[in-house]
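Novice: Below is the structure I would like to discuss, written out as C-alpha cells.
The values are calculated or read from the model by the stated rules, or taken from the named source; none is laboratory data. Computed from a predicted structure; not experimentally measured. Positions of Cβ are generated from backbone atoms using ideal geometry, with glycine treated the same way; all protein chains shown enter the neighbour counts.
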Amino acid sequence: MNNKIVVIIGGPGSGKSTIIEYLTQKGYSCYPEISRQVTLEAREQGIDQLFLEQPLLFSELLLKGRINQYQAAKHEDSKFVFIDRGIPDVIAYMDLIGDSYPEMFTNACDEHRYDHIFLLPPWEEIYVSDSERYESYEQAVQIHEHLTKTYSGFGYNLIEVPKDTVEARVDFILSHLEK
C-alpha cells in the first residue's frame, strides 16, 4: 500500500489520544498509544511500574509494539494512517532518564521512517495525571523537549499543532496533509 503514516507526538497529557480517538470516529485508520497496554500487562504480572522498575524491558516491549504498528500501518488500505507516538519516542524517554540502550533502538528509528510528524505542545490547562500517567506537568514539559530533540535528530520536520479544540486541531492536521 502506498499510504502515508502520520505520527502524533507530544508529552503526556497534550491531547494525542483525544485526537486519535476523534480521527477514529471520523473513519480514519488509527493506532492507539501502546504504553498503557504494556503497563497494564506488567501490573497483571505483579510489576507495578514497569517503566520505573525495569526501564529497558519496558522500552524493548514498546519498541516491538511500535514496530508492529508501523508494519501493520504500511498494509492499511487508507490514504493516511495515524499513530499515537512513534518509534523515536522510545529513545526520547530513554535519553530523558539517562539509560543506555542497544543499537537496535536507533536502527529501528532509521529503518522505519514516518511520512509526517505532528507535535502537540505541553498544555497545562488540559493536563491530567492518572494511574498510568505518573509524570508531573513539569516532567511532561521535559519529555516534550526530549521528543523534539530526538525526532529532529532523526531528520524529521515537526509540525506543531496549535492549542485549540480537538476539532480545530484535527482540521489543522488534515489541512497540512492535503497540501
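Okay, residues lined up against (1) within 21 Å of R169 (Cα to Cα); (2) touching a helix residue (DSSP H, G or I) at 6+ places or on another chain (Cβ under 7 Å); (3) among the aliphatic types (A, V, I, L, M):
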residue	(1), (2), (3)
S59	no, yes, no
Q71	no, no, no
V81	yes, yes, yes
D84	yes, yes, no
Y114	yes, no, no
Q139	no, no, no
H146	no, yes, no
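Novice: Separate question: With the checklist (1) closer than 28 Å to E167 by Cα; (2) loosely packed, with under 14 Cβ neighbours inside 10 Å; (3) not aliphatic (A, V, I, L, M) in hand, flag the one item K4 doesn't pass.
Specialist: The number of the failed condition is (2).
Novice: Ok, one more. Mind telling me which of the residues Y114, Y127 ends up being farther than 26 Å from K4 by Cβ and either surrounded by fewer than 20 Cβ atoms within 10 Å (Cβ to Cβ) or hydroxyl-bearing (S, T, Y) (or both)? So that I can check it myself, show each step before the final result.
Specialist: Values: Y114 fails: farther than 26 Å from K4 by Cβ.
Answer to the check: Y127.
Novice: Name the single residue that is nearest to W123 (Cα to Cα) among those in segment 8-67 being among the basic types (K, R) and under 12 Å from the mean Cα position of the chain (by Cα).
Specialist: Of all residues in segment 8-67, those among the basic types (K, R) come to 16, 26, 36, 43, 64, 66.
When the remaining residues are screened for being under 12 Å from the mean Cα position of the chain (by Cα), the result is 16, 36, 66.
On the way: K16: 11, R36: 20, R66: 25 Å.
The qualifying residue nearest to W123 (Cα to Cα) is K16.
Novice: I would also like to ask the following. Taking only pairs six or more apart or across chains, which ones have beta-carbon atoms under 8 Å, a first residue in segment 36-48 that is free of Cβ contacts under 8 Å to residues at least 60 places away in the same chain, and a second residue that is among the aromatic types (F, W, Y)?
Specialist: Filtered contacts from segment 36-48: V38/F58; A42/F58.
Novice: If D95 passes every condition in (1) more than 15 Å from the chain's Cα centre (by Cα); (2) surrounded by 13 or more Cβ atoms within 10 Å (Cβ to Cβ); (3) assigned to a loop (DSSP other than H, G, I, E, B) but one, which one does it miss?
Specialist: Single failed check for D95: (3).
Novice: Run down P88, P122, P102 and say which single residue is buried (at least 18 other Cβ atoms within 10 Å of the Cβ), of a type outside the set (A, V, I, L, M, F, W, C) and more than 18 Å from I34 (Cβ to Cβ). Break it down stepwise before answering.
Specialist: On the way: P88 fails: more than 18 Å from I34 (Cβ to Cβ); P102 fails: buried (at least 18 other Cβ atoms within 10 Å of the Cβ).
None of the others qualify; the one that does is P122.
Novice: For segment 118-127, does any single residue satisfy the condition of being modelled with pLDDT under 90 and either of a type in the set (K, R) or over 27 Å from S175 (Cα atoms) (or both)? Walk me through it before giving the result.
Specialist: Step one: list which residues in segment 118-127 are modelled with pLDDT under 90, which gives 123-127.
Then drop every residue that is not either of a type in the set (K, R) or over 27 Å from S175 (Cα atoms) (or both), which leaves none.
Within segment 118-127, not a single residue is modelled with pLDDT under 90 and either of a type in the set (K, R) or over 27 Å from S175 (Cα atoms) (or both).
Novice: Continuing with the same structure: From the list D115, D89, D110, D84, which one is of a type in the set (D, E) and without any contact (Cβ under 8 Å) to a residue 60 or more places away in the chain? Let's see the steps before the verdict.
Specialist: On the way: D115 fails: without any contact (Cβ under 8 Å) to a residue 60 or more places away in the chain; D89 fails: without any contact (Cβ under 8 Å) to a residue 60 or more places away in the chain; D84 fails: without any contact (Cβ under 8 Å) to a residue 60 or more places away in the chain.
None of the other options fit; the residue is D110.
Novice: Among residues belonging to segment 154-171 that are touching a residue at least 60 places away in the same chain (Cβ under 8 Å) and in a helix (DSSP H, G or I), point out the one that is nearest to V6 (Cα to Cα).
Specialist: Among those that are touching a residue at least 60 places away in the same chain (Cβ under 8 Å) and in a helix (DSSP H, G or I), it is V170.
Novice: Go through segment 1-34 and report how many residues are touching a helix residue (DSSP H, G or I) at 6+ places or on another chain (Cβ under 6 Å), small (G, A, S) and not in a loop (DSSP other than H, G, I, E, B).
Specialist: 1
Novice: Also, I was wondering about something else. Take Y134 and tell me if it is more than 17 Å from the chain's Cα centre (by Cα), assigned to a loop (DSSP other than H, G, I, E, B) and modelled with pLDDT under 95. Break it down into steps so the answer makes sense when it comes.
Specialist: Values: more than 17 Å from the chain's Cα centre (by Cα): no; assigned to a loop (DSSP other than H, G, I, E, B): yes; modelled with pLDDT under 95: yes.
It is false that Y134 is more than 17 Å from the chain's Cα centre (by Cα), assigned to a loop (DSSP other than H, G, I, E, B) and modelled with pLDDT under 95.
Novice: Here is a further query. Quick check on segment 73-86. Is at least one of its residues within 12 Å of the chain's Cα centre (by Cα) and on the phi > 0 side of the Ramachandran plot? Show your work before the answer.
Specialist: Here is the first cut: in segment 73-86, the ones within 12 Å of the chain's Cα centre (by Cα) are 82-86.
The next check asks that each one be on the phi > 0 side of the Ramachandran plot; those that pass are 85.
The answer is yes; a qualifying residue exists.
Novice: When you go through L56, L62 one by one, which is the residue that is touching a residue at least 40 places away in the same chain (Cβ under 8 Å) and either of a type in the set (S, T, Y) or in a helix (DSSP H, G or I) (or both)? Quick ask: steps written out before the conclusion?
Specialist: Values: L62 fails: touching a residue at least 40 places away in the same chain (Cβ under 8 Å).
Of the residues listed, the single one that is touching a residue at least 40 places away in the same chain (Cβ under 8 Å) and either of a type in the set (S, T, Y) or in a helix (DSSP H, G or I) (or both) is L56.
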